[in-house]
Ligand code: UDP
């Protein structure tokens, strides 16, 4: 009787946040389709479990950490990641040792961890398992992180501490990024961000890096990164175009698709600020007023907890309902990829998280960029100045600025030109994940590499 060779099992460690979970699960699906068995190790909060059959073959395990759930909200990503890594170091080692004891003929051959879950590396190293970093953000942000230390040593990051006057200057070697576009966070002191980044770019005991990007978007950053890191780098994205599966932590309100079905082609602006953004009441009101006076139809995702001091929208003045009830449609969470693919959607007001950025380009939808923090600022700058499929709205948000930006994008020639470029870029992305495309080839090489471990 022929004995089938045992499948290799890969252990994946996602960050417990929507954007990171989505791309990690897309990676998991991709590897599963290439013949790997999958184990997902997650923290207790923001735990992803799918009711669908999409992940039926996957093993899900919990890292027994004991962080209070409120830390995620209160500390915001930067400081939270530092605490999470400290907390999970020992508990992940226990979890991994249990898994290694249980395994029968399917041996865990490798640990792939989200770049912000670097606690996984030490444990894997101890059990002599190869490590792979998965960067769910783009290559340019990775490059920024690798040079942060040097910039800081030369005191070049000083403008960030005392940004008056210098924030609009270009950072040497990182064209077209300005100091204010660097992936700093307003929620964490620079020293803490430096500490975090030092860990994320530490490639000691790491076999390779995979990145959810593609060379047609970031060829120079990818070359730069390859020069800096002495290990293989595999740009294999956009993964949502390679393996799609439902990965939402929140319930999607599909009624907005019926509403979109009633709207004209390219007539709706979709407003969505991702899973982590937090807005002040006055900013929401300026947005609402600007959208109202732009005379465009709009679909707006207001996630519960995304307005400071409010569970959902109950703290907003009454005027808000009047502003959104005419041409607007508000939901708590939307099927975003489906929305962006809908013919009625002609523009996207986005915080420019990397998934949202890839999804907008992947559907040929131009963007109004309103980043909040870290890598979103890099993505916004690239949408505006490199790919030229976006307009960045900077400074304090006021209703006049919102109205002007929406009109620039939705009505007139400038928006039309951006839409054409976006459609062109969409074709390039599609080509990169097809047979013979750069991401497709890169994925093939990565799979060969994994099989050689
Ligand atoms: N998303 C969604 N429905 C919404 C808003 C967002 O499905 O109403 C998804 C979106 O498609 C994307 C992810 O949530 O895949 C957000 O990730 P991103 O990296 O853009 O931003 P983050 O949430 O990490 O800031």
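Derivation of every value follows stated rules applied to the coordinates shown; laboratory data play no part. This one's a predicted model, so the numbers in the text were calculated from it and none came from an experiment. As a convention, Cβ positions derive from the backbone with ideal geometry for all residues, glycine included, and neighbour counts pool all protein chains shown.
Here are some notes:
- Annotation for segment 24-64 versus segment 256-276: alpha-carbon center distance of 30 Å.
- In degrees, nearest ten, helix 18-33 long axis to first principal axis of the chain (Cα): 50 degrees
- Taking the longest Cα principal axis of the chain as reference, the axis of helix 399-410 is set at about 70 degrees.
- Distance from segment 115-151 to segment 185-252 (C-alpha centre basis), Å: 8 Å
- Distance between the modelled labels on residue 186 and residue 34, one decimal in nanometres: 4.0 nm (7 Å Cα→Cβ projection).
- Against the chain, whose longest principal axis is taken from its Cα atoms, helix 281-293 shows a tilt of about 60°.
- In plain terms, the chain from residue 127 to residue 280 could stretch by 50.4 nm, reckoned as 0.36 nm per residue minus the Cα-Cα distance.
- Ranked packing of 429-435, 138-144, most packed first, by mean Cβ within 10 Å: 138-144, 429-435
- When you count the other C-beta atoms within 10 angstrom of each residue and take the mean per peptide, 27-37, 146-156 line up highest first as 27-37, 146-156.
- In the chain, the calculated helix contribution to ellipticity at 222 nm averages -13500 deg cm²/dmol per residue, counting -39,500 (n - 2.57) for every DSSP H run with n ≥ 4.
- When DSSP beta bridges are restricted to pairs lying wholly in segment 216-342, around 0% turn out antiparallel.
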